[in-house]
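The values are calculated or read from the model by the stated rules, or taken from the named source; none is laboratory data. What you see is a predicted model, and the numbers here were worked out from it, not measured in a lab. Cβ: placed from backbone, ideal geometry, glycine included. Neighbour counts: every protein chain shown. Ligands, DNA and RNA are excluded from the accessible area calculation, which covers all protein heavy atoms including side chains. Shrake-Rupley method; radii C 1.70, N 1.55, O 1.52, S 1.80 Å.
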Amino acid sequence: MSDLSNGSRLLLTLLCDRKFHSKGKICKLLNVSAVCVNDHIKELQKIGVDLYTEQGRGYQFAHTTLWLDEEKIKAVSGAKNISVLLIVDSTNQWLLDKIPNLENGHTCIAEFQLAGRGRLGKKWISPFASHIYFSYYQAFNCSIEKLAGLSLLVGIATVNALEKSGIKGISLKWPNDIYYQNKKLAGILIELSASSKNICYTVIGIGLNVKMPASQGKQIDQSWTDLNTISHLDIDRNQLVAFLMTELACLLKDFEITGLRPYIDRWFKLDCFLGKQVNVIIADKITSGIYRGINTSGSLLIEQHGKTIIFTGGEVSLRLHNCNDNK
Ligand code: ATP
Ligand code: BTN
């Protein structure tokens, strides 16, 4: 876990009232020196907190973004189980730690993740009050094998929510990425808690970029984008979170019975690599071929010398053949 000192956490909580706080008052409240306050301010700036300062008045948040708001999300989604946090290690982990005391659809969102994570142990860059860090709990009455296509369905639900918000032109990359013009806009991470034979407890995590602070984007080692860049619309994160909840509830409802079958056509319309020459990477082994989409289980279909090879989830990564990024 990356760390945020207790003093910086306190300062962040204090600033959440969006009012000015003088350095003298901060020193007193945190019981530290002015030099120490400067260190905390630097620490907050490092995680993407944008502070505004005025001579004689002190510091306040410079963010113009609307804050995550439980009541607004409930009003739009009609859902009752949502936990809105200021700071968390990972919204996925927060829910995983609470299984099985959760109801289906329980959602956790946060303004900031100290240890946001992607697939295969990769890091998810999670600057403060900038994006959506979203996790959704769902138990399925089926075996783990039946969940193979789940991340694809979650991708479709995310595109639906974005379209409802007026965002067009989004595509999907097998198995868990959401793209706009070859740049990564969002990622999906599905994690399972220990499951019995016929029940799987899942946490579905979605990280969706809304407005990336310039300093934070530099840390991402692939092409990325955010909603602020691809649309002139003023994105309301609360509304978008509500749409994500509604779409997931709707699409996941029958998944354990129907699987991906009813959504295959929709996937093919959204798939950004269809018919392209690609590399399939598993550890350090690369297989090249033409990408032919998915089968009804959500497995990857690659055509090589006229034959079809099937790859199933897990540790598999897909890249365009001519892409430099074959890590
Ligand atoms: P694949 O899913 O095909 O294996 P990937 O490199 O996208 O490839 P993921 O585990 O899906 O791997 O996502 C993690 C990666 O996403 C990070 O290694 C980084 O390159 C990128 N990344 C991290 N944070 C962000 C962010 N906020 N926005 C866009 N991309 C990010
Ligand atoms: C990926 O592309 O590898 C998936 C990224 C998933 C990031 C989200 S942010 C909310 C949830 N909490 C996490 O720690 N990860 C997911």
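Tabulated results
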{"quantity": "Residues located in segment 96-138, provided they are touching a Gly at 6+ places or on another chain (Cβ under 8 Å), in a loop (DSSP other than H, G, I, E, B) and within 9 Å of ligand 2 (Cβ to nearest atom)", "calculated": "Gly116, Gly118, Trp124, Ser126, His131"}
{"quantity": "Pair list, Cβ < 8 Å and 6+ apart or interchain, from segment 1-25 residues that are open to solvent by 40 Å² or more (accessible area, probe 1.4 Å) to residues that are of a type in the set (Lys, Arg)", "calculated": "Phe20/Arg57; Ser22/Arg57"}
{"quantity": "Qualifying positions in segment 139-152 - outside any loop (DSSP other than H, G, I, E, B) and within 16 Å of ligand 1 (Cβ to nearest atom)", "calculated": "Leu150, Ser151, Leu152"}
{"quantity": "Hits in segment 266-280 (condition: under 23 Å from the mean Cα position of the chain (by Cα) and either among the hydrophobic types (A, V, I, L, M, F, W, C) or loosely packed, with under 15 Cβ neighbours inside 10 Å (or both))", "calculated": "Trp267, Phe268, Lys269, Leu270, Cys272, Phe273"}
{"quantity": "Qualifying position, being touching a residue at least 60 places away in the same chain (Cβ under 8 Å) and touching a Lys or Arg at 6+ places or on another chain (Cβ under 9 Å), among Gly275, Gly259", "calculated": "Gly259"}
{"quantity": "The lone exception for Ala194 - which of (1) in a loop (DSSP other than H, G, I, E, B); (2) farther than 29 Å from Tyr291 by Cα; (3) over 11 Å from the mean Cα position of the chain (by Cα); (4) hydrophobic (A, V, I, L, M, F, W, C) it fails", "calculated": "(1)"}
{"quantity": "Residue check, Ala249 in contact with a Lys or Arg (Cβ under 8 Å, 6 or more places away or on another chain) and touching a residue at least 60 places away in the same chain (Cβ under 8 Å)", "calculated": "no"}
